[in-house]
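Engineer: One structure, pasted below without further comment.
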Amino acid sequence: MLLAIDVGNTQTVVGLYDGDELAEHWRVASVRTQTADELAVELHGLLSVRGRGFGDVTATVASSGVPQLAEALRQTARTHFGHEALVVGQPGVETGLELRVPNPQEVGADRVANSVAALALQPGPLVVVDFGTAINFDAVSADGAFLGGAIAPGLEIATSALGERAAALFGIELRAPERAIGRTTAENMQSGAIFGYAGLVDGLVGRFRTELGGKAGVIATGGLAGVVAPHCLTVDRVEPWLTLEGLRLIWLRNTARSTG
């Protein structure tokens, strides 16, 4: 079984693959100061509640937007799983994705994984919208190259900042209100957050499509994709575990290369 781990700035997504099937998945808070031993305890707990154990894990692939946690992941795999983890973004890892940008090393491993998985679902041109701590917009060309994109503050960051700066605007549940014209303060904030961000997505996707020179397909992913994407006019499909699937495909590519 393949353990796929995507460490974000706010959340870590963990998936356990049995062949090409995502058998188990979890979403937990990222802890920047977490040691390899603490990470091992957390992974053991996640696996055990589903009747799994370290012995079930035969390979590990990971991406990490938090550099110190990338080393903790490697140590955990080495010490507790008995193998070396494949960490996307590290030298020597083959992704099969051309990064057609001035500084390829700046492109996050999660964005690479998303683009790889998106291209496996349908041909380019594509736009991938990842609703995470930040909202990443990734543009993929018709010939399957990563061209760049855009980054906007995520919903949780925006609503938290609003509550911190304006005392009367308290924390709200991130869900769509019944109407765009809110009747209460909470509805006003929900409208601005959900419908406002849906407009942001549609606006940027429209610009991306113009620059890509055609009707690009749009795939949404990330923790809040299911909340915002239904209110977007441009999103074609929602794939909650797109990053994990991209990691699995990159692992397969490197495994085939090492054995071939």
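The values are calculated or read from the model by the stated rules, or taken from the named source; none is laboratory data. It should be emphasised that the depicted structure is a prediction, and the values quoted were computed from it without experimental measurement. Don't worry about glycine lacking a Cβ; one is built from the backbone with ideal geometry, like all the others, and counts go over all protein chains shown.
Engineer: Specify which of the listed residues (Gly154, Gly132, Gly144, Gly149) is in contact (Cβ under 8 Å) with a residue 12 or more places away in the chain, assigned by TED's automatic domain parsing to the domain that holds Gly217 and over 23 Å from Phe195 (Cα atoms).
Structural biologist: Numbers: Gly154 fails: over 23 Å from Phe195 (Cα atoms); Gly132 fails: over 23 Å from Phe195 (Cα atoms); Gly149 fails: over 23 Å from Phe195 (Cα atoms).
Answer to the selection: Gly144.
Engineer: Test Ala117 against the stated conditions and say whether it is more than 19 Å from Asp202 (Cα to Cα), in a helix (DSSP H, G or I) and in contact with a helix residue (DSSP H, G or I) (Cβ under 7 Å, 6 or more places away or on another chain). Before the answer, list the steps.
Structural biologist: Details: more than 19 Å from Asp202 (Cα to Cα): yes; in a helix (DSSP H, G or I): yes; in contact with a helix residue (DSSP H, G or I) (Cβ under 7 Å, 6 or more places away or on another chain): yes.
For Ala117, the condition - more than 19 Å from Asp202 (Cα to Cα), in a helix (DSSP H, G or I) and in contact with a helix residue (DSSP H, G or I) (Cβ under 7 Å, 6 or more places away or on another chain) - is met.
Engineer: To continue, here is another question. Hey, does region 233-248 have a residue that's of a type in the set (Asp, Glu) and more than 29 Å from Val61 (Cβ to Cβ)? Even if it seems obvious, please write down each step before you answer.
Structural biologist: Residues of region 233-248 that are of a type in the set (Asp, Glu), as a first pass: 236, 239, 245.
Filter again for more than 29 Å from Val61 (Cβ to Cβ), leaving none.
No, region 233-248 has no match at all.
Engineer: Give the residue, chosen from Val57, Val61, Val116, that is closer than 30 Å to Gly217 by Cβ and touching a strand residue (DSSP E or B) at 6+ places or on another chain (Cβ under 6 Å). Explain how you work it out, then say what you get.
Structural biologist: Details: Val57 fails: closer than 30 Å to Gly217 by Cβ; Val116 fails: touching a strand residue (DSSP E or B) at 6+ places or on another chain (Cβ under 6 Å).
Going through Val57, Val61, Val116 in turn, just one is closer than 30 Å to Gly217 by Cβ and touching a strand residue (DSSP E or B) at 6+ places or on another chain (Cβ under 6 Å): Val61.
Engineer: Evaluate region 187-195: report whether one residue or more is within 25 Å of Leu247 (Cβ to Cβ), modelled with pLDDT of 90 or more and among the acidic types (Asp, Glu). Outline the logic, then answer.
Structural biologist: Taking region 187-195 first, the residues within 25 Å of Leu247 (Cβ to Cβ) are none.
There is no residue in region 187-195 that is within 25 Å of Leu247 (Cβ to Cβ), modelled with pLDDT of 90 or more and among the acidic types (Asp, Glu).
Engineer: I've got another one for you. Provide a single number: the residues in region 1-43 that are exposed (fewer than 14 other Cβ atoms within 10 Å of the Cβ) and either within 19 Å of Val88 (Cα to Cα) or in contact with a His (Cβ under 8 Å, 6 or more places away or on another chain) (or both).
Structural biologist: Of the residues in region 1-43, 2 are exposed (fewer than 14 other Cβ atoms within 10 Å of the Cβ) and either within 19 Å of Val88 (Cα to Cα) or in contact with a His (Cβ under 8 Å, 6 or more places away or on another chain) (or both).
Engineer: So, one more: Out of (1) modelled with pLDDT of 95 or more; (2) assigned by TED's automatic domain parsing to the domain that holds Leu224, what's the single condition that is false for Gln105?
Structural biologist: All conditions are met except number (1).
Engineer: Going through Ser63, Ser30 one at a time, which residue ends up being touching a Gly at 6+ places or on another chain (Cβ under 9 Å) and without any contact (Cβ under 8 Å) to a residue 60 or more places away in the chain? Show your work before the answer.
Structural biologist: On the way: Ser63 fails: without any contact (Cβ under 8 Å) to a residue 60 or more places away in the chain.
None of the others qualify; the one that does is Ser30.
Engineer: Sticking with this one: Name the residue that is nearest to the chain's Cα centre (by Cα), counting only residues in region 73-88 that are surrounded by 20 or more Cβ atoms within 10 Å (Cβ to Cβ) and assigned to a loop (DSSP other than H, G, I, E, B).
Structural biologist: Step by step, filter region 73-88, then rank; the result is Val88.
Engineer: Six or more apart or on different chains, Cβ atoms under 6 Å: show the pairs whose first residue is in region 174-197 and under 25 Å from Thr133 (Cβ atoms) and whose second is buried (at least 17 other Cβ atoms within 10 Å of the Cβ) and hydroxyl-bearing (Ser, Thr, Tyr).
Structural biologist: As it stands, the answer is Pro177/Ser191; Ala193/Thr159, since those pairs meet every condition given.
Engineer: Which one of these does Val101 not meet: (1) in a loop (DSSP other than H, G, I, E, B); (2) among the aliphatic types (A, V, I, L, M); (3) within 18 Å of the chain's Cα centre (by Cα)?
Structural biologist: Only one criterion in (1) in a loop (DSSP other than H, G, I, E, B); (2) among the aliphatic types (A, V, I, L, M); (3) within 18 Å of the chain's Cα centre (by Cα) is unmet by Val101, namely (3).
Engineer: When region 190-233 is examined, which residues are found to be buried (at least 17 other Cβ atoms within 10 Å of the Cβ) and outside any helix (DSSP H, G or I)?
Structural biologist: Those that are buried (at least 17 other Cβ atoms within 10 Å of the Cβ) and outside any helix (DSSP H, G or I): Ala216, Gly217, Val218, Ile219, Ala220, Thr221, Gly222, Gly223, Leu224, Cys232.
Engineer: Among the numbered criteria (1) modelled with pLDDT of 95 or more; (2) surrounded by fewer than 19 Cβ atoms within 10 Å (Cβ to Cβ); (3) not basic (Lys, Arg), which one does Phe54 miss?
Structural biologist: Just one mismatch for Phe54, condition (1).
Engineer: So if I check each of Ala70, Ala62, which one is part of a helix (DSSP H, G or I) and of a type in the set (Gly, Ala, Ser)? Before you say what the answer is, go through the steps one by one.
Structural biologist: Details: Ala62 fails: part of a helix (DSSP H, G or I).
Of Ala70, Ala62, the one residue that is part of a helix (DSSP H, G or I) and of a type in the set (Gly, Ala, Ser) is Ala70.
Engineer: Would you be able to say whether some residue in region 251-260 is hydroxyl-bearing (Ser, Thr, Tyr) and within 19 Å of the chain's Cα centre (by Cα)? Talk me through it step by step, then tell me what you get.
Structural biologist: So the first thing to find is which residues in region 251-260 are hydroxyl-bearing (Ser, Thr, Tyr), and the list is 255, 258-259.
Of the ones still in play, those that are also within 19 Å of the chain's Cα centre (by Cα) are none.
Within region 251-260 (the criterion being hydroxyl-bearing (Ser, Thr, Tyr) and within 19 Å of the chain's Cα centre (by Cα)), the answer is no, since none of the residues qualifies.
Engineer: Within region 92-111, restricting attention to residues that are of a type in the set (Asp, Glu) and over 16 Å from Leu252 (Cβ atoms), which residue is surrounded by the most Cβ atoms within 10 Å (Cβ to Cβ)?
Structural biologist: Start the filter on region 92-111 by keeping residues that are of a type in the set (Asp, Glu), which leaves 94, 98, 106, 110.
Now restrict to residues that are over 16 Å from Leu252 (Cβ atoms): 98, 106, 110.
Working: Glu98: 15, Glu106: 10, Asp110: 27.
That would be Asp110.
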